[in-house]
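Structure, as structure tokens:
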Amino acid sequence: MTIAIVGIGLIGGSLAITLKENGFAQKVIGVDIRPDNIDKALRRRLIDEERSLKEAIAESDIIILSTPVDAMLYILPGILDRVEKQIVIDVGSTKERLLDKVKDHPNRGRYVATHPMAGTEYSGPEAAVPNLFEGKCTVLVDVDDSDEDAVQVTRDLFNSIPMRQVELDRVSHDVHTAYVSHISHISSFALALTVLEKEQDEDRIFELASGGFSSTVRLAKSSPDMWIPIFRQNRDNVLDVLDEHINQLARFRSLLIKKDFETFYKLIEESNQIRKILSS
Ligand code: NAP
């Protein structure tokens, strides 16, 4: 198969490496807004060739859209205008706005909405890595609105990695990702700002930073170019979760003020239940 990747960054580039290595793709074509990204992707052999978007659509069997989610809102309808038999897959982190945008498109059936639940805090083609997705989960969204053959090929693609697959509708997808992904990023951004504000001496932070601190602020290294469009599109769900998170922080604050360490102990024990969900 010939696969075009539109937006050859962390996710697009990692998919490119994986699908070439496992033989699912015989050729990968790269499309990106920035020539510098294409140069890096060619040098790293993430892609075989560069094309314009129009050429890439015409020459590919599958077009994978992996730009930030705001750009997808105008790129996806333009791709669907041009496809015939090709399959279009997006890997964006939010789904409701995008799927609403193309719901009445005559070629809607050729498009399959997906969200591979894997990533790192780095971005761009230099951040692409093999094995990013292996053993992780992909969400297939609103599959009933896609043509059967398009869904089957998409399943084959993710099975080739291999990734587990779950199906959700677009509203549930955005609610659940607000909980499992979007809030943890806000929490990490806020924690990083808290520590930077309180600890002006950056060398000290560096010297003292231990495993716990590093792992909780890791996500704060993530790119605003990718995250602001996500928060813009999933604002209402993220606000709901953020309100709950602020309530929880306020509970801990109040217990500290009251020196109620007995209840504090119980809350930590309650939070330990997360082990049931995350075994490692
Ligand atoms: P990334 O590393 O920044 O890659 C995005 C690439 O798209 C960049 O090379 C960017 O160029 C390019 N781009 C931006 N606008 C474009 C346009 N109009 N046309 C063509 N290329 C364009 O971001 P990423 O982390 O791979 O994320 C890609 C998508 O995957 C996003 O929709 C994100 O929500 C989703 N996703 C991310 C993760 C994660 O953990 N990172 C996980 C799952 C899904 P510039 O360098 O100029 O910006």
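Within the range 40-55, the set of residues being open to solvent by 10 Å² or more (accessible area, probe 1.4 Å) and either under 22 Å from the mean Cα position of the chain (by Cα) or not polar (S, T, N, Q) (or both) comprises K40, L42, R43, R44, R45, D48, E49, E50, R51, L53, K54, E55.
Please go through the range 231-258 and pick out each residue that is part of a helix (DSSP H, G or I), in contact (Cβ under 8 Å) with a residue 60 or more places away in the chain and either open to solvent by less than 70 Å² (accessible area, probe 1.4 Å) or in contact with a His (Cβ under 7 Å, 6 or more places away or on another chain) (or both).
If the condition is that a residue be part of a helix (DSSP H, G or I), in contact (Cβ under 8 Å) with a residue 60 or more places away in the chain and either open to solvent by less than 70 Å² (accessible area, probe 1.4 Å) or in contact with a His (Cβ under 7 Å, 6 or more places away or on another chain) (or both), then Q233, N237, V238, V241, H245 are the ones that fit.
Here's a check for you: in the range 1-29, which residue that is of a type in the set (S, T, Y) and away from the ligand (no atom under 11 Å from the Cβ) is surrounded by the fewest Cβ atoms within 10 Å (Cβ to Cβ)? This residue is T2.
For the range 1-40, a residue qualifies if it is under 15 Å from I63 (Cβ atoms) and among the basic types (K, R), and exactly one does: K27.
Here is a check on your reading of the model: is I87 more than 9 Å from the ligand (Cβ to nearest atom) and not polar (S, T, N, Q)?
yes
Filtering the range 91-108 to residues that are in contact with a helix residue (DSSP H, G or I) (Cβ under 6 Å, 6 or more places away or on another chain) and not β-branched (V, I, T) leaves G92, S93, K95, E96, R97, L98, L99, K101, H105, N107, R108. Checked against the criterion of being under 30 Å from S214 (Cα atoms) and of a type in the set (A, V, I, L, M), the candidates V69, V31 yield just one match: V69. The set of residues in the range 169-192 that are open to solvent by 50 Å² or more (accessible area, probe 1.4 Å) and in contact with a strand residue (DSSP E or B) (Cβ under 8 Å, 6 or more places away or on another chain) comprises D169, H176.
Residue-wise test of (1) open to solvent by less than 90 Å² (accessible area, probe 1.4 Å); (2) assigned by TED's automatic domain parsing to the domain that holds G92; (3) under 27 Å from A127 (Cβ atoms).
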| residue | (1), (2), (3) |
| --- | --- |
| T194 | yes, no, yes |
| Q200 | no, no, no |
| D225 | no, no, yes |
| P229 | yes, no, yes |
| T263 | yes, no, no |
| R275 | no, no, no |
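Among the residues of the range 30-40, not a single one is more than 13 Å from the ligand (Cβ to nearest atom) and not aliphatic (A, V, I, L, M).
Does A16 satisfy the criteria of being closer than 21 Å to V112 by Cα, in a loop (DSSP other than H, G, I, E, B) and within 22 Å of the chain's Cα centre (by Cα)? When the stated conditions are applied, A16 does not pass them.
The values are calculated or read from the model by the stated rules, or taken from the named source; none is laboratory data. These figures come from a predicted structure and were not determined experimentally. Because the Cβ atoms are built from the backbone with ideal geometry, glycine has one as well, and the counts that use them run over all protein chains shown. These accessible areas exclude ligands, DNA and RNA; they are computed on the full protein's heavy atoms, side chains included. Shrake-Rupley method; radii C 1.70, N 1.55, O 1.52, S 1.80 Å.
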